[in-house]
Amino acid sequence: MTPGDGVRFGISVQEADKGLNNLARVVGKLKEIQGLDVAFGVFPLAPRKTVVVGRGNPRLFDVGALVRQFGGGGHPGAGSAIVKAPAEEVSGQLRGLIERAEGAYARVRDLMSAVRVALSPQDRLGAAADLMQQARRSGLLVLDEEGRLLGSFGEDQLAKVKEAVTWDHPVSALMRRQPASIAPEQTAREALRLMSAADVGVLPVVADGRVVGEVTRAEIILSLYDF
């Protein structure tokens, strides 16, 4: 089961023959073997009693929020619930919840904010470090005069400054070129996947070749609880 933004889901209905304490391990193994981002196990205990166990990548999907729809609990990476319904019925409900969660995911345009602080390629490294500290940011975008994305500059680049004299060099000398970016119409979950792959906490939002805003991991995580 792969929604439109590429998050890989798996749902397995199987007997709970390994004991309740091992169900989480079974689901974790399913996720690993099948290369899934999110895996759910549906385990019938009685004709109208079923256990649901979920495991997933918390940067891509909030398992706990979905499982709470069944009256259970958990956190973004894991959750479980005991449901008074047959396993096949629970499995169908689970698929429906995943599809609705997919449709309800906010778009980047709904979550992005204006870029309040940015660098130009001509800015000096020392000035860039001061600006990052003043803005309390671990990284800043590098834009040209027309708002086009040229690169990004962060703590990794600052760590490359070896001698005091290099603080006078321009940002363009060390900036990360071709950083990850996202379009306003893409989903929040797509943004999380890009952030995870690029190991960043903020993405520039680009439309028609220009930066129109930025979106942070914190803003997206908050949106996860609005299914």
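Where a number appears in this text, it was derived from the coordinates with a stated rule and is not lab data. Keep in mind it's a predicted model, so treat the numbers as computed, not measured. Every residue, glycine as well, gets a Cβ built from its backbone with ideal geometry; the counts of neighbours run over all protein chains shown.
Would you calculate, for the chain, the mean residue ellipticity at 222 nm contributed by helices, counting each DSSP H stretch of 4 or more residues as -39,500 (n - 2.57) and dividing by all residues, to the nearest 500?
-9000 deg cm²/dmol
At 0.36 nm per residue, minus the direct Cα-Cα distance, what do Ala129 and Ile221 gain on full extension? Give it in nm, one decimal, please.
Taking Ala129 through Ile221 to full extension adds about 30.3 nm, to one decimal.
Cut-off is 10 Å between beta-carbons; in what order do Phe153, Phe70 appear when sorted fewest neighbours first?
The most exposed by this proxy come first: Phe70, Phe153.
If neighbour count is taken as other Cβ atoms inside 10 Å, put Leu192, Leu222 in order from fewest to most.
Leu222, Leu192
Write down the radius of gyration of the chain and its Dmax, each obtained from C-alpha positions, in Å.
Answer for the chain, Rg first and Dmax second: 22.0, 74 Å.
With springs connecting C-alpha atoms under 10 Å apart, model the chain as a Gaussian network and identify which of Arg116, Arg68, Arg176 has the largest mean-square fluctuation.
So, out of Arg116, Arg68, Arg176, the one fluctuating most is Arg116.
Just how many pairs of Lys in the chain have C-alpha atoms closer than 30 Å, counting pairs that are eight or more places apart or on different chains?
Value for the chain: 9.
Sorted from fewest to most neighbouring beta carbons within 10 Å, what does the list Phe40, Phe61 look like?
So the ranking, lowest neighbour count to highest, is Phe61, Phe40.
Rounded to a whole number, what is D in µm²/s for region 9-104 from Stokes-Einstein with the Kirkwood radius over alpha-carbon pairs (10 °C, 1.306 mPa s)?
Taking Rh from Cα pairs, D becomes 123 µm²/s.
Mean shadow of region 110-226, computed from the convex hull of its alpha carbons, in nm²?
Its average projected convex-hull area is 7.2 nm².
Please build a GNM for the chain, connecting alpha carbons under 10 Å apart, and tell me which residue among Gly126, Gly201, Gly74 fluctuates the most.
Result: Gly126 has the largest fluctuation of those listed.
Count neighbours as other Cβ atoms within 10 Å of each site's Cβ, and list the GluC sites (Glu not before Pro) in region 133-227 that are DSSP loop with at most 11 such neighbours.
Glu145, Glu146, Glu163, Glu185
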